[in-house]
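Colleague: Got a structure for you, questions after.
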Amino acid sequence: MTSKKLTVLQIIPSLAIGGAERNVLAIAAALVQAGHRSIVISSGGALVDVLQRSGSEHITWNVKSKNPLVIFRNKKRLMDFIQTEKIDIVHAHSRAPAWSAYLATRKPRVPFVTSFHSAYKGTSALKKGYNSVMARGDRVMAASRFLADHVQAQYHVGGDKIALIPLGIDLAVFNRDAVSDEQRDAFRQTYAVPPDTPLFIMPSRLSPIKGHELVLRALHRLGARPYVCLMIGSDQGRKEYRQHLESLVKELNLGDKVRFVDQADLPVAYAAASVVLSPSQVAEGFGLVPVEAQAMGVPVIATAAGATMETVLQGKTGWLVPLGDVKALSAAMTDALTLTPARRQYMSLQAEAHASQHYDIQKMGTAVLGVYDALVNK
């Protein structure tokens, strides 16, 4: 590794809560811990304080806008900023700011890195052109093999330019031993879940693509079986969708079994859960929930599409069900509710080992810094 102190600029539309944003924070922390300088430009958000506490700098600009005038204005600002702050690498995590960054790093030449966090859709030439900036990095980081294959197939990027680096999670935080029995029991008591009652949790913002309606219909098929299901996540302003789900709960007579929770201490929620649900209705580029659940030793039921095919091991750490298949989802729920203690213990140990081996945030940080090092020493 280089002994040179690097100054790395990451750019992302905002620092709200999400997988891409957490990736930015993890990279920033890894840079600071290694003695480098980390700067993040975004329009702000809930995670700015977390970022700054890790030792990184934050600059607030409007980099969310897709307006071409704003993108070109930001390009000019970035060119000056790169020179003034002696930036060694620019790393973009989203398309609009990536265009500003790409154009700003052409002259004088500065290494440009992009991260694919999802498989961008678009059939028109205009949309494909807009998306293509994420494939123009000197290195293109893909959070999963699914995304790496997508980048190669859609944008004809050579494998030597793609760095396959799965997102990592903090295994000190998502660790069953870090949650006490008292915390777990208190969580269940808060939501009136008896000690021996199976608890499903679905940690996800309320959005149609996440599969909440599918889960409710699958739960209905379980009949009179005892369980409670907590749907943990904000509606993010989708009031009509929340009302639709609440109406469906009543229609399916699930009122005493389903609760909507805006937010919760996720490691505690995982520790209290019997099964974690993540039935996305799209092929996700990564998906942190299945990985977090496995790190906590909790079996997960997820969709057999996208990166989940890599992160969840069918029959070992959870169940993979066909996209949109209510019957298959309900059958997996039934299997989960009827696990023998020995089988549950086996799956729990397999899940923890799988997460530890492949999705450690420290390993992810080391891999990203290795990419940076290779670029500045070309």
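Colleague: Return the single residue from 149, 265, 49 with maximal mean-square fluctuation; model: Gaussian network over the chain, springs between Cα atoms under 10 Å.
Modeller: Greatest mean-square fluctuation among the candidates belongs to 265.
Colleague: Any idea what the dipole of segment 176-358 comes to, in debye rounded to 20, about its Cα centre with Lys/Arg Cβ at +1 and Asp/Glu Cβ at -1? If you can, show how the numbers build up before the last one.
Modeller: Working: 18 positive and 19 negative charges, 89 e Å.
Computed charge dipole of segment 176-358: roughly 420 debye.
Colleague: Mind listing the phi-derived Karplus ³J(HN,Hα) values for segment 220-229, rounded to whole Hz, using 6.51, -1.76 and 1.60 with θ = phi - 60°, and x for any glycine or proline?
Modeller: Karplus values, whole Hz, x for Gly and Pro: 4, 6, 6, x, 8, 3, x, 5, 10, 10.
Colleague: Would you mind checking segment 244-277 for residues with the amide N under 18 Å from a putative spin-label position 7 Å along Cα→C-beta of residue 176?
Modeller: Flagged as within label range: 266-277.
Colleague: Let me ask something additional. Is it possible to state the helix-based mean residue ellipticity at 222 nm for the chain, with each DSSP H run of 4+ residues giving -39500 (n - 2.57), the sum divided by total residues, to the nearest 500 deg cm²/dmol? What is it?
Modeller: -13000 deg cm²/dmol
Colleague: Going by alpha carbons, how many degrees (0 to 90, nearest 10) lie between the helix axis of 361-376 and the longest principal axis of the chain?
Modeller: That works out to roughly 20 degrees.
Colleague: For segment 86-192, what size does the Cα cloud have along each of its three principal axes, sorted from largest down, in whole Å?
Modeller: Rounded to whole Å, the extents work out to 57, 39, 25 Å.
Colleague: In terms of the ratio Rg/(2.2 N^0.38 Å) built on C-alpha atoms, what value belongs to segment 20-126?
Modeller: Relative to the rule-of-thumb radius for its length, segment 20-126 sits at 1.08.
Colleague: Between (1) 54, 27, 17; (2) 39, 22, 19; (3) 36, 24, 22, which entry matches semi-axes √(5λ) of the Cα gyration tensor in Å as derived from the coordinates of this structure?
Modeller: Evaluating semi-axes √(5λ) of the Cα gyration tensor in Å on these atoms matches (2).
Colleague: Could you grab the Rg to Rh ratio for segment 176-358? Cα atoms only, Kirkwood for Rh.
Modeller: My calculation puts Rg/Rh at 0.93.
Colleague: Here is a further query. Taking +1 at the Cβ of each Lys and Arg and -1 at the Cβ of each Asp and Glu, which of 268, 94, 281 sits farthest along the dipole of the chain towards its positive end, judged by Cα position relative to the Cα centre?
Modeller: Comparing the listed Cα positions along the dipole, 94 ranks first.
Colleague: Straight distance only, please: which lysines reach the Cα of residue 4 with their own Cα at less than 26 Å, same-chain residues fewer than 8 apart left out?
Modeller: Within the straight-line limit of under 26 Å, residue 4 reaches these lysines: 86, 107, 161, 363, 378.
Colleague: If each residue of separation counts as 0.36 nm, what is the full-extension length gain between residue 240 and residue 86 once their alpha-carbon separation is subtracted?
Modeller: Values: separation 154, 0.36 × 154 = 55.44 nm, distance 4.81 nm.
Stretched out fully, the residue 240 to residue 86 stretch lengthens by 50.6 nm.
Colleague: Another one. Shape verdict for segment 298-378, please, from the Cα gyration tensor: rounded (a/c under 1.5), prolate (a/b greater than b/c) or oblate.
Modeller: Values: a/c = 5.48, a/b = 2.03, b/c = 2.70.
Oblate.
Colleague: To the nearest 10 degrees, how steep is helix 95-104 against the longest Cα principal axis of the chain, on a 0 to 90 scale?
Modeller: Once rounded, one gets 20 degrees.
Colleague: Based on the Cβ-Cβ distance of residue 259 and residue 164, what FRET efficiency does E = 1/(1 + (r/R0)^6) give at R0 = 51 Å, to the nearest 0.05? Numbers along the way, then the final one.
Modeller: Values: r = 39 Å, r/R0 = 0.75.
That pair, residue 259 with residue 164, gives E of 0.85.
Throughout, read-outs are computed from the coordinates displayed, never taken from laboratory work. In this text, all values refer to a predicted model and were calculated from it rather than measured experimentally. Because the Cβ atoms are built from the backbone with ideal geometry, glycine has one as well, and the counts that use them run over all protein chains shown.
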